[in-house]
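Participant: Below is one structure. I have some questions about it.
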Amino acid sequence: MALRLFRCCLTSVCLSSTTLNTQLLRRSTSLIVNSVTAGNTQLEASSNNHSKMEDTVDTTTMNAIIYTLNKPKMIRKPIPTLKRNGGHILVRIHAAGVNPVDAKNLYGDKLPNGICQQFVKYSVRSSCPGFDFSGVVQQIPPNAAEEFPYRVGDKVYGTAPPFVGTFCEYQIIPLDQVQHMPSSLTYVEAAALPLTGLTCLQSLGFLASRSANNNDDTSNNQHLLVIGASGGTGHFAIQLAKRYLCVNRVVGICSTSNLKWVKETLGADCAIDYKDEQWREDIKKEVEAFGPFTCVLDTVFSNQSKDQSEGYGAFLRSESSGDSKKLLDGIYLLLGGTFSSWFAAGLKRTFGINLFRKGNELFWVRFPQSSGELDILRKAVDENNIKPFIHEILPFTEESVSSAFDALKSRRVRGKIVLSLVPE
């Protein structure tokens, strides 16, 4: 059309006949005006269509990861609706921490291997993985009182209840499992903190009261051994014990490649290489020099045979040092174990019935009513230069979640893996 108009105008300029020239010019002008008018009409229609598309963007659904019988899957699902009661808030999740419990289908680490694991996969299918999160308050209850602790836009972190999940863009979080985010941390760092931090604070908190009550002569008895010192829980336990709980001496067991990091970055007084055949002798020398351990935190032991092969517990309970000192004069805390141990832990946590023998216990972290402890962690982090170490930040995709699960199962993760849902 444009080429035809151009040729028509050019012809009209070159014609010698004035009358013909005038007619052609009128015709050309009319065609140009009509063409421009039609073009403007099309542009306006296109603009209106685009505006309508923007108005119809889906704001009622979100991306979420769910368990399947095979690999994790990304789906679209409705954004959860906040109820009128004042016990929850709606959070726009910015980052979600990935933990071994997520990779093991919530409770696969608590049941025997074999057919039970197939039952676990079947029972959790279609539920959303994840406990840890950080994000922004998107909505508070419509009838919230003036003294309600959160406002829209507040930065928060915490945990979601089991089967609720945090590998999603929005989630409803109970008030007793959320707290204002540490100001010194990024969203990614804050999302790595809740489960790990609560585990360490709840299991080792008794050491703080000992340190506070002991005088200078007896405080040397505070002697903590962390097995799995470079892992997600172990690396935070060392920092919390040294910089907040004021434990006098902290020793970490880790691989050769992590020895320097555990001592110089995390602050352990001593790091022992479990790959060295002499690790048992190194522990004995430590006890000879500084006395028996008052607490052992074993973050490695689980219901899988490869995690039981080193036999740390049996060695520390039965052996003695060269001068006949007991290696352990206190409690041996496990964070994993066999089905019978988890059953005993459940009885103790639910009914207060203690079936564990003295000095040995499987610890089970508690999420309900943990808001106060999350506040303690917030202050401990902001005031004592404590930080969760981020092994890897992954985008929010199916492939990333599968990759994170595989990495955690390999036992070769230093610190924590975090999914980033909203890039910082």
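The values are calculated or read from the model by the stated rules, or taken from the named source; none is laboratory data. Note that this is a predicted model, so its numbers are computed, not measured. Here the Cβ positions follow ideal geometry from the backbone for every residue, glycine too, while neighbour counts run over all protein chains shown. Areas reflect the complete protein model, heavy atoms only, side chains present, ligands, DNA and RNA absent. Shrake-Rupley method; radii C 1.70, N 1.55, O 1.52, S 1.80 Å.
Participant: Could you calculate the FRET efficiency of ASN360 with ASP273 from 1/(1 + (r/R0)^6), where r is the beta carbon distance between them and R0 is 30 Å, rounded to 0.05?
Facilitator: 0.75
Participant: Ok, one more. Give the aspartates and glutamates whose C-alpha is closer than 12 Å to that of LYS285, dropping any in the same chain fewer than 8 places away, or say none.
Facilitator: Once the sequence-local aspartates and glutamates are set aside, what remains near LYS285 is ASP323.
Participant: Something else about it: Mind checking the per residue accessible area of the range 243-322 for me, 1.4 Å probe, whole number of Å²?
Facilitator: For the range 243-322, the solvent-accessible area averages 47 Å² per residue.
Participant: If I compute solvent accessible area with a 1.4 Å probe over the protein chains, what percent of it on the range 359-424 is carbon and sulfur?
Facilitator: 50
Participant: Mean separation of Cα pairs under 8 Å and 6+ residues apart, divided by the residue count of the range 227-327: what relative contact order is that in percent?
Facilitator: After rounding, I find 24 percent.
Participant: Need one number: nm distance between label points at LYS285 and ASN113, each 7 Å from Cα along Cα→Cβ, rounded to one decimal.
Facilitator: 3.5
Participant: Next question, about the same structure. Say each of LYS77 and GLN369 gets a label point 7 Å from the Cα, pointing the same way as Cα to Cβ; how far apart are those two points in nm?
Facilitator: A separation of 2.9 nm, rounded to one decimal place.
Participant: Also: Hey, any idea what % of the range 233-331's accessible area is carbon plus sulfur with a 1.4 Å probe?
Facilitator: The value for the range 233-331 is 44 percent carbon and sulfur by accessible area.
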